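Asker: Shown below is the structure under consideration.
The values are calculated or read from the model by the stated rules, or taken from the named source; none is laboratory data. Just so we're clear, the structure is a prediction, and the values are computed from it rather than from any experiment. We place every Cβ from the backbone using ideal geometry, glycine too, and count neighbours over all the protein chains shown. Please note that ligands, DNA and RNA were not included when accessible areas were found on the heavy atoms of the full protein model with its side chains. Shrake-Rupley method; radii C 1.70, N 1.55, O 1.52, S 1.80 Å.
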Amino acid sequence: MEINQYIQLAIAGDQTAFTHLLDKYWNEVYGFMLKRTENETDAEDITIETFAKAFDKLKTYNPEFKFNTWLIAIAKNVHIDLIRKRKALHEIHNLGDEELAYGVIDDTPSAEDVLITEQNLSNLLRQIKQLKPHYQQVIQMRYFQELSYQEIANKTNEPLNNVKIKLLRAKKLLAEIIANEGEY
């Protein structure tokens, strides 16, 4: 089967096609980013975000260009965004003590803040429960138990790439649930 056929199946929501695309291009994107960042954690984070963005925008892919070229372009943009965020954080940390003192605010949560946070968490948990059980499981392990992708793969006896794809899909479906509830 040609790559464009896998892309069309993925656009239609075929999980196997997503897995195929991730498996086929993961090493290329990861290797490219590892050379650029010289940091395994950054390279993996950028690669994961690249596939998340690519899969979200798969309908916009132009088949006149090679799919791997499109993925690399997305990866470069994700990397640039990461550099910008770090630069902004670095500039904040480099303010003089006096300048920093004026920027300090009381971040102790008020009673209202605590109530809102509890309500938001309650809503989020209710929304997570609308997902299929295997999606609930990876969300729970990643964001509530704070397990790494590899730890999740070990606990679920699944290949690492399957865990990554499942988490991408779970986050996308959860975002759709949240967006749909916001329309009411």
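Asker: On a 1.4 Å probe surface of the protein chains, which of Leu9, Leu131 comes out largest in accessible area, and what is the full order?
Answerer: Values: Leu9 65, Leu131 10 Å².
In descending accessible area the options line up as Leu9, Leu131.
Asker: Something else now. Can you list the residues of region 61-88 with backbone N under 15 Å from a point 7 Å past the Cα of Asn161, pointing along Cα to Cβ?
Answerer: 68
Asker: Another question, if that's okay. To the nearest 10 Å², what's Thr47's accessible area with a 1.4 Å probe?
Answerer: 0
Asker: Now for a separate question. Based on the Kirkwood radius over alpha-carbon pairs, what value in µm²/s does the Stokes-Einstein equation return for the translational diffusion coefficient of region 1-65 at 37 °C and 0.692 mPa s? Walk me through the numbers on the way to the answer.
Answerer: Values: Rh = 12.4 Å.
Stokes-Einstein gives a translational diffusion coefficient of 264 µm²/s.
Asker: From the cross-link list Lys57/Lys166; Lys129/Lys164; Lys59/Lys129, which pairs have alpha carbons spaced over 24 Å apart? Mind dumping the intermediate values first?
Answerer: Details: Lys57/Lys166 17 Å; Lys129/Lys164 20 Å; Lys59/Lys129 28 Å.
Violating the 24 Å Cα-Cα cut-off are Lys59/Lys129.
Asker: Also: On a 22 Å Cα-Cα criterion, which of the cross-link pairs Lys53/Lys76; Lys53/Lys172; Lys66/Lys87 come out too long?
Answerer: Values: Lys53/Lys76 12 Å; Lys53/Lys172 10 Å; Lys66/Lys87 32 Å.
Table pairs above 22 Å Cα-Cα are Lys66/Lys87.
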